[in-house]
Amino acid sequence: MKKAERTQRIETVVLLHGIGHSLWNMMFVEKALQKAGYETLNLSYPSRKYDIKTLARWLQEQLTAAQIWERADKVHFVAHSMGGLVTGFYLGENRESLPQDKMGRAVMLGTPHGGSEVADFLKDSPLYQWLFGPAGQELTTEVRARDKVKLWYDLGMIAGTQNWMYPLGKACIHDDHDGCVSVGSTYIEGMKDHIVIPVMHGFMGWDPAVHRQILCFLEKGAFNHETS
């Protein structure tokens, strides 16, 4: 759908950052979406204060207050890292109550569906526990292995493979990874598409190649693998 065509309809994209970040980490993604004609709701959420289930309830309250589902013809989601887990839990828990004809597509960036070996290594550290709170304990491979969600919407996953700024990730993760999350950990059963881009975990939202792939998936339900 071209920008001129979309002006007749309201398509809103909800953006969620990763743990310990803020809406500023998704500002470049937001600008790319707005330039393409989407409305956006870029949220800062208390990622270090609550567990993922509670954060999903927080998200539900925010979207209800903003009347997102009432105002938009389509509602899409773009989420980085743990924001994808929060999004997935929200959509899974509220499937029956959401207007499914208005559900658009979702794109997740480096979301650790299979957990992170870095979280495995750090989970018992008091500093890690203080910095990342209850949700940080839910990013381990053990917890993520038993906390599965079933997809009922079109999901595209973007994984990264640059990691030179993350020495701990290079020490803990032995497969291809973005410094925090392995490529393998980003896979989830039922997703529509998956693509790997040479980008680091914390900078995914800054990368123009990531922006192009987000827009491609929201428009077509698939990534452009010819330019990856």
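The values are calculated or read from the model by the stated rules, or taken from the named source; none is laboratory data. Computed from a predicted model, the values in this text were never measured in an experiment. Cβ: placed from backbone, ideal geometry, glycine included. Neighbour counts: every protein chain shown. What goes into the accessible areas is simple: the full protein's heavy atoms, side chains included, and nothing from ligands, DNA or RNA. Shrake-Rupley method; radii C 1.70, N 1.55, O 1.52, S 1.80 Å.
One table, with the values for the structure above:
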item	result
Selection status of R95, part of a loop (DSSP other than H, G, I, E, B) and in contact (Cβ under 8 Å) with a residue 40 or more places away in the chain	yes
Failed condition for V86, given (1) open to solvent by 10 Å² or more (accessible area, probe 1.4 Å); (2) within 21 Å of K150 (Cβ to Cβ)	(1)
Residue ID - farthest from Y90 (Cα to Cα), chosen from residues in the range 115-164 that are surrounded by fewer than 19 Cβ atoms within 10 Å (Cβ to Cβ) and of a type in the set (G, A, S)	S125
Selected residue (criterion: farthest from A32 (Cα to Cα)) from residues of the range 200-228 that are of a type in the set (A, V, I, L, M) and in contact with a helix residue (DSSP H, G or I) (Cβ under 6 Å, 6 or more places away or on another chain)	M204
Test: residue in the range 165-173 that is open to solvent by 20 Å² or more (accessible area, probe 1.4 Å), among the hydroxyl-bearing types (S, T, Y) and more than 20 Å from A79 (Cβ to Cβ)	yes
Meets criteria (farther than 20 Å from I158 by Cα, acidic (D, E) and surrounded by 15 or more Cβ atoms within 10 Å (Cβ to Cβ)) for D101	no
Selection count, the range 26-80, where residues are in a loop (DSSP other than H, G, I, E, B), hydrophobic (A, V, I, L, M, F, W, C) and open to solvent by 30 Å² or more (accessible area, probe 1.4 Å)	0
Wholly within the range 139-228, helices (runs of 4 or more DSSP H) carrying at least 2 residues that are under 25 Å from K53 (Cβ atoms) and of a type in the set (A, V, I, L, M, F, W, C)	141-146
Test: residue in the range 159-173 that is under 15 Å from the mean Cα position of the chain (by Cα) and modelled with pLDDT of 95 or more	yes
Restricting the range 192-206 to residues that are open to solvent by 40 Å² or more (accessible area, probe 1.4 Å) and under 16 Å from the mean Cα position of the chain (by Cα), the residue that is nearest to I158 (Cα to Cα)	V196
